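Chemist: Quick one: the structure is below, questions incoming.
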Amino acid sequence: MIEKFDAIVVGAGPSGNAAAYTLAKGGLSVLQIERGEYPGSKNVQGAILYADMLERIIPEFRDEAPLERHIIEQRLWMLDEHSHMGTHFRSDVFNEAKPNRYTIVRAQFDRWFSRKVKEAGATVVCETTVTGLLRDPAGRVYGLTTDREGGEVHADVVILADGVNSLIAERAGLRPKVRPEHVALAVKEMHFLPREVIDQRFGLKENEGVVIEMAGTITAGMAGTGFLYTNGESISVGVGCLVSDFKENGTSPYVLLDRMKRHPSIAPLIADSEVKEYAAHLIPEGGYDAIPAIHGDGWMIVGDSGQFVNAMHREGSNLAMTTGRVAAETVLELRSTGKHMTAHNLSVYRKKLEASFVMKDLKKYRRLPSTLHDNKQFFTDYPRLLARAAETWFRVDGVEKKQKEREMVGSFFKSRGLRGLISDAFKVARAWR
Amino acid sequence: MTTATDVVAPRIAERLSQNRYLVDEGRPHIRVIDKGKPSPALLALVTICPAGCYSTTDEGKVEVAPDGCQECGTCRVLCADTGEIDWNYPRGGYGVLFKFG
């Protein structure tokens with residue numbers, strides 16, 4: 001006999017877990033299917049956890065979730081080949097009782113989150129790959145097939161939390177193909193060091209953590225960023241660029257990562273560490289305009305599968321958890337009023353997201369992906385110009401300051417031209433608005 | 001003759017050796033579909049696949065050995081329009097098993 005559930009959730013990442021947990025807590029019969037050996041075994045992230053969005057789902061998470069360090073310092077670096085410049089913001093205020101941001105290790109965190117999903121009453125099946133959706137002649141999704149024997153299951157609604165590749169929705173024709181210019185390929189290594197060494201190198205104590213976000217010549221002229229996050233006893237180091245740029249540029253991602261690790265500002269931070277894993281993953285970075293249809297008759301899309309990432313602010317897992325929760329709440333509301341899971345009724349999900357920070361933030365930066373894609377000077381010329389200007393300014397060599405100012409301003413005009421400078425400023429302002 | 005792939009191959013092999021995999025022997029989840037002369041997108045994978053799964057043959061064809069694949073989907077996305085890659089997730093439980101992620 002074919003089993004039927006109120007809801008099926010595909011995938012056990014942050015969005016799938018948020019959805020499955022909320023649905024199960026709401027009293028629905030929930031099946032969650034994960035293709036990995038355990039939840040987290042297929043998942044990759046930097047990773048920073050934004051507490052607020054998890055707190056709305058599991059208020060007491062701090063008491064039990066595997067958290068690495070709470071973040072007390074944010075560095076934003078612009079790098080050229082020899083230098084970095086940027087801002088550091090460190091505040092003791094971030095040593096609050098309920099910190100806002102933590103570094104996490106996803107394989108551990110996702111397993112914990114999945115335990116909570118099971119405790120809430122959902123059936124979680126791992127080591128099972130979903131092979132397709134079941135649809136009636138009218139197109140309504142009523143279940144799915146898996147690679148298990150007799151692996152057909154039915155449900156009133158299927159929530160697709162299957163990640164950036166969104167294979168199931170794409171194959172079912174529910175969404176267009178993922179475009180190379182809408183996803184970044186990121187590679188990351190886990191560098192292990194004793195806790196005291198990390199504390200010393202970054203000036204930290206008692207689970208305090210530092211995150212560094214970087215841009216500049218480390219991406220070899222491609223649109224992308226690098227990052228370095230302190231975990232308890234390891235440092236996550238990675239770099240990512242648009243897949244379309246990798247294709248044009250022809251640089252190997254691991255060559256790029258190796259070069260970044262040798263950068264004079266980065267090398268000392270990870271010196272003498274032991275690398276225990278090398279991971280690669282795609283990040284949806286197409287922004288608002290790349291978001292596909294996220295609901296239809298009997299189905300919804302949440303998390304990375306829906307391109308829910310704010311690339312500018314490096315936010316993803318929070319949007320994943322929020323979209324997962326909101327999708328589940330929509331289902332619960334429809335159930336409680338006796339309504340069916342039709343496209344029309346499920347459109348409440350989209351409306352709720354449009355009214356929240358999720359869509360508002362993505363809309364704010366909707367022009368940013370194409371602006372950065374089409375204007376590589378922001379990753380090459382400007383970091384170099386700024387580094388040279390700073391070098392000129394800080395070097396004490398008997399050259400009078402007015403002359404130094406002329407040289408600095410002149411170098412910008414020479415490189416970008418008056419029109420270029422004005423147009424660049426205009427583009428940034430427009431993309432930021 | 002030393003090709004570009006020969007130079008990077010040992011480095012990537014060493015890198016991937018730190019990872020955990022459960023390889024589904026005899027059932028590769030990615031296949032290259034021969035459509036004649038490889039497209040620029042397919043050729044690009046020889047350098048940009050983060051696991052170094054792609055290589056060129058003496059006849060100038062591109063082949064894939066997905067044992068070290070991290071299931072990122074870069075090749076799938078890049079060759080979606082050319083149809084030169086048949087890409088599936090490995091069977092449940094198989095493939096890369098991230099220890100940290």
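Readers should treat all values here as calculations from the given coordinates under stated rules, not as data from a laboratory. Worth saying up front: this structure is predicted, and the values here are computed from it rather than measured. Cβ coordinates were reconstructed from backbone atoms using ideal geometry, including for glycine residues, and neighbour counts include every protein chain displayed.
Chemist: Mind checking the mean number of beta-carbon atoms from other chains within 10 Å of the Cβ atoms in B:32-44?
Modeler: Whole-number average of other-chain Cβ neighbours for B:32-44 is 1.
Chemist: Let me ask you something else. Could you quote the convex hull projected area for chain B, Cα atoms only and averaged over all directions, in nm²?
Modeler: 6.8
Chemist: Another one. Exactly which GluC sites (Glu not before Pro) in the stretch A:385-433 are in a DSSP loop and have at most 12 other Cβ atoms within 10 Å?
Modeler: Listed in order of number, the matching sites are A:GLU400.
Chemist: Quick one: Cα centre-to-centre distance for the stretch A:1-63 and the stretch A:183-249, in angstrom?
Modeler: 26
Chemist: Using just the Cα positions, wrap the stretch A:11-99 in a convex hull and report its mean projected area in square nanometres, one decimal place.
Modeler: 8.6
Chemist: Still on this model: Any lysines with Cα under 20 Å of the B:LYS61 Cα? List them, leaving off those in the same chain fewer than 8 positions away.
Modeler: A:LYS247, B:LYS35, B:LYS37
Chemist: Among A:90-101, A:315-326, how do they line up by average Cβ neighbours within 10 Å per residue, starting with the highest?
Modeler: A:315-326, A:90-101
Chemist: Would you mind giving the average projected area, over all directions, of the Cα convex hull of the stretch A:65-173 in nm² with one decimal?
Modeler: 12.3
Chemist: Further question: As a check on your grasp of the helix formula, calculate [θ] at 222 nm for chain A: sum -39500 (n - 2.57) over DSSP H runs of n ≥ 4, divide by the residue count, round to the nearest 500.
Modeler: Estimated from H runs of four or more residues: -11000 deg cm²/dmol.
Chemist: Calculate, in whole percent, how much of the Cα-Cα pair population of the stretch A:152-224 lies beyond 16 Å.
Modeler: Here the tail beyond 16 Å accounts for 72 percent of pairs.
Chemist: How large is ³J(HN,Hα) for each residue in the stretch A:155-167, as worked out from phi by the Karplus curve 6.51 cos²θ - 1.76 cosθ + 1.60 (θ = phi - 60°), to whole Hz, x for Gly and Pro?
Modeler: So the Karplus estimates, Gly and Pro as x, are 7, 5, 8, 10, 9, 8, 10, 8, x, 3, 6, 6, 4 Hz.
Chemist: Something else: Provide the packing ranking of A:336-344, A:41-49, i.e. peptides ordered by the mean count of other C-beta atoms within 10 Å per residue, highest first.
Modeler: A:41-49, A:336-344
Chemist: OK, next. Per residue of B:74-85, count partner chain C-beta atoms within 10 Å of its C-beta, then hand back the mean as an integer.
Modeler: Mean partner shielding for this stretch: 4.
Chemist: While we're here: Give the angle, between 0 and 90 degrees and rounded to the nearest 10, that separates the Cα long axis of helix A:106-119 from the longest principal axis of the Cα atoms of chain A.
Modeler: Long axis of A:106-119 versus the principal axis of chain A: about 30 degrees.
Chemist: Taking just the alpha carbons, could you work out the radius of gyration and Dmax for the protein assembly as shown, both in angstroms?
Modeler: In order Rg, Dmax, the Cα atoms of the protein assembly as shown give 23.7, 88 Å.
Chemist: Among B:PRO66, B:PRO40, B:PRO28, which one shows the biggest mean-square fluctuation in a GNM of chain B, springs joining Cα atoms closer than 10 Å?
Modeler: Checking each option, the largest mean-square fluctuation is seen for B:PRO40.
Chemist: Taking a temperature of 4 °C and a viscosity of 1.567 mPa s, what whole-number D in µm²/s does Stokes-Einstein yield for the stretch A:369-431 with Rh from Kirkwood over alpha carbon pairs?
Modeler: In µm²/s, the coefficient rounds to 101.
Chemist: For the stretch A:53-65, just list the computed ³J(HN,Hα) in residue order, Karplus coefficients 6.51, -1.76 and 1.60, θ = phi - 60°, integers in Hz, with x standing in for Gly and Pro.
Modeler: Coupling constants for the stretch A:53-65: 6, 7, 4, 5, 9, 10, x, 9, 4, 4, 6, 9, 5 Hz.
Chemist: Top mean-square fluctuation among A:PHE412, A:PHE308, A:PHE246, Gaussian network model of chain A, C-alpha springs under 10 Å?
Modeler: Between A:PHE412, A:PHE308, A:PHE246, it is A:PHE412 that shows the largest mean-square fluctuation.
Chemist: Separate question: Counting only other chains, what is the mean number of Cβ atoms within 10 angstrom of the Cβ of each residue in peptide A:272-278?
Modeler: 4
Chemist: Just the number, please: Stokes-Einstein D of the stretch A:107-159 in µm²/s, Kirkwood Rh from C-alpha pairs, 37 °C, 0.692 mPa s.
Modeler: After rounding, the answer is 257 µm²/s.
Chemist: Which of the aspartates and glutamates could a cross-linker span from A:LYS4 if the Cα-Cα distance has to be under 12 Å and same-chain partners fewer than 8 positions apart are dropped?
Modeler: In chain and number order, the partners are A:GLU152, A:ASP156.
Chemist: Here's a follow-up. Of all DSSP beta bridges in chain A, what percent run antiparallel (nearest 5)?
Modeler: Bridges in chain A that DSSP calls antiparallel: roughly 65 percent.
Chemist: Still on this structure, I have one more. Kirkwood Rh, the stretch A:306-433, all Cα pairs: how many Å?
Modeler: 18.6
Chemist: Using a cut-off of 23 Å between alpha-carbon atoms, which lysines can reach A:LYS360, once sequence neighbours fewer than 8 places away in the same chain are excluded?
Modeler: Cα-Cα hits under 23 Å: A:LYS351, A:LYS352, A:LYS427.
Chemist: Along the stretch A:189-201, what does the Karplus equation 6.51 cos²θ - 1.76 cosθ + 1.60 (θ = phi - 60°) give for ³J(HN,Hα), rounded to whole Hz, x for Gly and Pro?
Modeler: Each residue's phi maps through the Karplus curve to give 10, 9, 9, 8, 8, x, 3, 5, 5, 5, 4, 5, 5 Hz.
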